[in-house]
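Each reported figure results from applying straightforward, stated rules to the coordinates on display, with no laboratory input. Predicted model only: the values in this text are computed from it and were never measured. Here the Cβ is made from the backbone with ideal geometry for all residues, glycine too, and neighbour counts use every protein chain on show.
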Amino acid sequence: MPRPDGRANDELRAVNLATGYNRHAEGSCLVEFGDTVVICTASVLPEVPRFLVGSRRGWVTAEYGMLPRAGSERTSRQRIQSSGRTAEIQRLIGRSLRAIVDLDALGERTITMDCDVLQADGGTRSAAVTGAYVALVEALHRLRSDGIFAKLPVFDSVAGVSVGIVSGEPALDLNYSEDSMASVDLNVAMTGGGKFVEVQGTAEGMPFTRERLDGLLDLAAGGIRRLNELQKEALKEAGL
């Protein structure tokens, strides 16, 4: 069965990564996965959470939110308490970035990633992870230029993508219409070196086999390799 937008099952949506989008933030990236649009900014503070005070070790954390009209219907603006879904995605973004950063080299400073969804059409957490990495690297380059460290404190790149079973077929990078009817839905975050940071998978209908899971992970890995290339291109175009 053809996909709604005519893509092949192993094809990403049109992806765009624009660095330097926010002139005030130490790092920023506007990321587009098709009609999903997320702005990611990196802010550096000379302090760390209480449990790291005196450790000479840094921290990377994230906040995530959707603007009230990011989706087809208006949602209430999140002012104080985050929903369970929001907290889950924030933790995913933070874990994904900490997995590839040398926190000891960062020193006692915190980089906070703010990922705000301007428009949602599925895959917002994947877009947020992918764009947040680019914004983070831009911020780290600025710190290096300021003499904070001589070598960029990153081990690898990281990106995220969704995969699923739609109408009985495996598909990469689901948009909302596909995600809403998928019988299996996976969100995968991986490093450029092919290591998994997180795999979140759910059967919405019948349980799925290990063979099917392996096939979906292979599909995700192919998509993330392409996203890694796009991240490198965006950073190169920014002179980083």
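Of the trypsin sites (Lys or Arg not before Pro) in the stretch 154-240, the ones in a loop by DSSP (not H, G, I, E or B) with at most 15 other beta carbons within 10 Å are K195. Which part of the stretch 174-201 falls in the paramagnetic zone of R85, meaning amide N under 20 Å from the point 7 Å along Cα-to-beta-carbon? Residues 174-189, 199-201 qualify, since their backbone N sits under 20 Å from the label point. In a reduced charge model with +1 at each Lys and Arg Cβ and -1 at each Asp and Glu Cβ, the stretch 15-237 shows a dipole moment near 800 debye about its Cα centre. Computed extension gain for K195 through A18, at 0.36 nm per residue and net of the alpha carbon distance, reaches 61.2 nm. Here, P(r) means the percent of Cα pairs in each 5 Å bin from 0 to the largest distance; for the stretch 113-172 it is 4, 15, 19, 17, 14, 11, 8, 6, 3, 2, 1. Over the chain, calculate the relative contact order: mean separation of alpha carbon pairs under 8 Å at least 6 apart, over the residue count, as a percent. Computed over the chain, the figure is 22 percent. Structure remark: mean-square fluctuation, Gaussian network model of the chain, C-alpha springs under 10 Å; the largest value among A203, A99, A159 belongs to A203.
Full-extension gain between Q119 and S145, please, as 0.36 nm times their residue separation minus the C-alpha to C-alpha distance.
6.0 nm
For the options A132, A14, A105, a Gaussian network treatment of the chain with springs between C-alpha atoms closer than 10 Å singles out A14 as fluctuating the most.
Converting phi to 3J(HN,Hα) with the Karplus coefficients 6.51, -1.76 and 1.60 and the offset θ = phi - 60°, the stretch 208-214 yields 10, 7, 4, 4, 5, 4, 4 Hz in sequence order, with x at every glycine or proline.
Computed from the Cα positions only, the extents of the stretch 137-194 along the three principal axes stand at 53, 21, 10 Å, in decreasing order. For the pair the stretch 91-110 and the stretch 1-35, the centres of their Cα atoms are 24 angstrom apart.
Take the Cβ atoms of L52 and A221, set R0 to 25 Å, and the FRET efficiency comes out at 0.15. Considering all C-alpha pairs of the chain, those separated by over 29 Å amount to 27%. Cα centroid distance between the stretch 215-240 and the stretch 168-202, in Å? So the two Cα centres are separated by 15 Å.
Relative contact order, whole percent, for the stretch 136-234 stands at 25, derived from Cα pairs under 8 Å and 6 or more residues apart.
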